[in-house]
Every structure is written in structure tokens, then in C-alpha cells.
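I have placed the structure first, in the form of C-alpha cells, so that the comments after it can refer back to it.
The values are calculated or read from the model by the stated rules, or taken from the named source; none is laboratory data. All values reported here derive from a predicted model rather than from experimental measurement. Glycine gets a Cβ as well: all are built from the backbone with ideal geometry, and neighbour counts include every protein chain shown. What goes into the accessible areas is simple: the full protein's heavy atoms, side chains included, and nothing from ligands, DNA or RNA. Shrake-Rupley method; radii C 1.70, N 1.55, O 1.52, S 1.80 Å.
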Amino acid sequence: MRKRQAKKRPLLPDPRFNDQLVTRFVNNLMWDGKKSTAFKVFYDALDIVESKKQDEEKTSLEMWKDALTNVMPHVEVRSRRVGGATFQIPMQIRPDRKISMAIKWLILYARRRNEKSMAGKLAAEILAAAKEEGAAVKKRMDTHKMAEANKAFSHFRF
């Protein structure tokens, strides 16, 4: 790289749960700089999860963290040109990227759902992902299948 790597800025923890991961999720959920609206959507979604969950010993925040863990991929394929041909090479994902991919997929597939409000969509996707169902978990499975199918090219790793 030509320039030096950007310095990681520390995130402030969110007001309700005092958790930095929640702030990171809300920052990805936010549109047009409307952070308070994004926080309201997230907290409303967790309230919906709290009312709809079947597992009584877990809080809604733990359900959300389980959902994130279930969506997190462990391997991905990266394109690499070798001798005029492009190969899809499976590679391990670093922990920071795992989390960001899981967050982005959870939000993307929540937005594509058919519930009335964004809070409802997000709550439904969280509940589905916590049970290892839903579109975001399917995306993780497809990513893993793609890596498994291209395992033969793993010796081209860079």
C-alpha cells in the first residue's frame, strides 16, 4: 500500500446496553446520518424480539448476539489470476471482517423482508438467524459451500 493504514477510531458504547458492538451495528443500520433514528429502530427491534422469543433464559441482546454469531462466515473465496485464468481461492477471514460481514448481511436481508416497519423486519431476521434460519444464515451457508467447492485451488493462496 502507498499510504499508511488508517488508525482505528474507538467507538463509544451505546446508551442502553453499554456495548460497543451495538454502536457498530447501529452505525451500519443508519441512513443519512440519522443515528438517533437508527438507535430507535434497533431498540424497538430488540423489544419486539423480547416479546416474541421462546427461549426465556436469554435476553434480547443475547439473542441478537447469537444471531450475529450464526450469520458470521469463517471462510470466503477471493479471486486470483494465475496464468490467464481467474480462480476462486478459499481463504480464512480475519475476526474484524467476520463481524462486519455478519452485521451487513443481517441488515441487508432484514431490509428485504416484508414486515411493516424496519424494527419489525430486523426483529424477524434476528429471531430467524438465532434459530439458524433466514436469508442471512443462508448467505453464510452459500459462502461456505463456495469455499468448499473451490478447496482444490487453495494451494494458490497468496
Legend entry - Length gained when the stretch N28-E132 is fully extended (0.36 nm per residue, less Cα-Cα span): 35.2 nm
Legend entry - Reachable lysines from K40, criterion Cα separation under 16 angstrom, eight or more residues apart if same chain: K116, K121
Legend entry - Assigned charges on the beta-carbon of Lys, Arg, Asp, Glu; region 33-158 dipole about Cα centre (debye): 820 debye
Inset, instruction - Could you size up the charge dipole of region 1-99 around its Cα centre, putting +1 on the beta carbon of Lys and Arg and -1 on that of Asp and Glu, and report it in debye to the nearest 20? - result: 1180 debye
Inset, instruction - Quantify, in whole percent, the carbon and sulfur part of the accessible surface of the chain (1.4 Å probe; protein heavy atoms only). - result: 52 percent
Legend entry - Computed E for K40/K7 - FRET, C-beta separation, R0 25 angstrom, nearest 0.05: 0.25
Legend entry - Mean accessible surface per residue for region 1-120, computed with a 1.4 Å probe while every protein chain stays in place, in Å²: 67 Å²
